[in-house]
Amino acid sequence: MKFGVVTFPGSNCDYDAYAAVKLLGREVEFLWHQSTDLNGCDAVILPGGFSYGDYLRSGAIARFSPIMQAVTKFAHSGGLVLGICNGFQILVEAGLLPGALMRNNHLRFSCKFVYLRVENNENPFTVSCRAGEVLKIPIAHKDGNFYHFTSDIEDLIKNRQILFRYCDPHGAITEESNPNGSLFNIGGICNKEGNVAGMMPHPERAVEDILGSSSGLKIFQSIIKSLTEGVRSEVA
Amino acid sequence: MKKATVFVRLKDGVLDPQGLTIQKALLNMGYNQVASVKSGRFFELEINADNNDIKSKIDEICRKLLANPVVEKYRVEYDQ
């Protein structure tokens, strides 16, 4: 089993994602944005950062990188792809995930711990979580305000594509616990098939208690479990 | 050489916090005549082509890159 972490010009969480996988004792390598090959990786992580300086729109330019053709092909063939923060923005721009990530409603860059409630724990990225488990994971973004048309949100709910919603420490979905104005408190979603996921919070920054939380490990453990035990998504 | 100017802004009904903040600032400055502000951006493109199907190419460029069709709309103006 091998993980690949894509490095775009301006990625700055690639080493953290790499370290998180290493911490779990799994093989991992960096994939350069100019490459057209995933080198046989079994799961791909698009890390956080500011690819191409966030010019035009966050993720809008990175999604045309040569590596993204390989990532798209991999995703369409059922490969596991996780986009974190800027990686989520890239997946949305690429059309691999629905909706759009807009400017935070308060217009500020927000960097703090938030709480997430696991809405679907039968997905390759959440299978190590309990249903409704509350995860403490930090955010660091200015464009994390998830938007989609109301009718499409209903589809997301019906298809169980909503993986995480912002909540209070006890798991209650409240307006105060929504850090960016995200519709329906959405913090993370997956595609209809369940093999492509995106989340604004940074699980790779919450992998040891000394960092303030180790909740983020569950996401990486889920991917490992899915690849080992062949867990397929329950959605769609 | 032809020039195309592309104007991109959020679709109606999509919350524009930047426009809203500017409008609030204008209110604070005493300009209470301004009922709403919509923010956006524009791009000037110089084009090396004379053929007529450049419009469809520009349209493609707008849809693929300059605007995010999920939440934004665009308008193009041409001059010689």
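Determine the shielding of peptide A:147-159 by partner chains: average, over its residues, the number of Cβ atoms on other chains within 10 angstrom of each Cβ. Write out the running numbers ahead of the final one.
On the way: counts 5, 2, 5, 0, 0, 1, 0, 0, 0, 0, 0, 0, 0.
Mean number of neighbouring Cβ atoms from other chains: 1.
In this structure, the amide hydrogen of A:E208, modeled 1.01 Å from its nitrogen in the peptide plane, lies closer than 5 angstrom to those of A:S213, counting only residues at least 5 positions away or on a different chain. Bridge orientation summary for chain A: considering DSSP beta bridges with both residues in this region, about 60 percent are antiparallel. Ordered by the number of other Cβ atoms lying within 10 Å of each residue's own Cβ, fewest first, A:M200, A:M1, A:M68 fall into the sequence A:M1, A:M68, A:M200. Considering all alpha-carbon pairs of region A:1-123, what whole percent are spaced by more than 16 angstrom? Percent of Cα pairs beyond 16 Å in region A:1-123: 63. The helix-only estimate of mean residue ellipticity at 222 nm for the protein assembly as shown, built from DSSP H runs of length n ≥ 4 each weighted as -39500 (n - 2.57), is -6500 deg cm²/dmol after division by the residue total. Straight-distance candidates among the lysines for linking to A:K158, with alpha-carbon spacing under 19 Å and chain neighbours fewer than 8 residues away dropped: A:K192. Among the lysines of chain B, pairs at least eight places apart or on separate chains and with Cα atoms under 23 Å apart come to 21. Computed over all pairs of different Cα atoms, the Kirkwood value for the hydrodynamic radius of chain B is 14.4 Å. Annotation: amide H of A:L31 within the under-5 Å range of A:V5, A:V6, A:T7, sequence separation 5 or more or interchain, hydrogens built in the peptide plane.
On alpha-carbon atoms, Rg over Rh for chain A using Kirkwood Rh? When Rh is taken as the Kirkwood radius, the ratio is 0.92.
In straight-distance terms, cross-link reach from A:K136 covers every one of the lysines whose alpha-carbon lies under 23 Å from its own, apart from those fewer than eight places away in the same chain; here that gives A:K22, A:K112, A:K218, A:K225.
Magnitude of the Cβ-charge dipole of region B:8-51, K/R +1 and D/E -1, about the Cα centre, nearest 20 debye?
Values: 5 positive and 5 negative charges, 71 e Å.
Value, rounded to 20: 340 debye.
Of all DSSP beta bridges confined to region A:1-98, the antiparallel ones make up roughly 5%.
Note on region A:95-225: dipole from Cβ charges, positive end direction compared against A:S182, A:A131, A:V207; the farthest Cα belongs to A:V207.
Around the amide H of A:A43, modelled in the peptide plane, lie the amide H atoms of A:K2, A:G4, all under 5 Å away and 5 or more residues distant in sequence or on another chain. For region A:119-236, the alpha-carbon radius of gyration amounts to 1.02 times the rule-of-thumb value 2.2 N^0.38 Å expected for a compact globular protein. Relative to one another, the C-alpha centroids of region B:49-79 and region A:182-208 are positioned 32 Å apart.
We did not get these values from a lab; they are worked out from the coordinates using the rules stated. All values derive from a computational prediction rather than experimental measurement. Cβ sites come from the backbone with ideal geometry, for glycine too, and all protein chains shown count toward neighbours.
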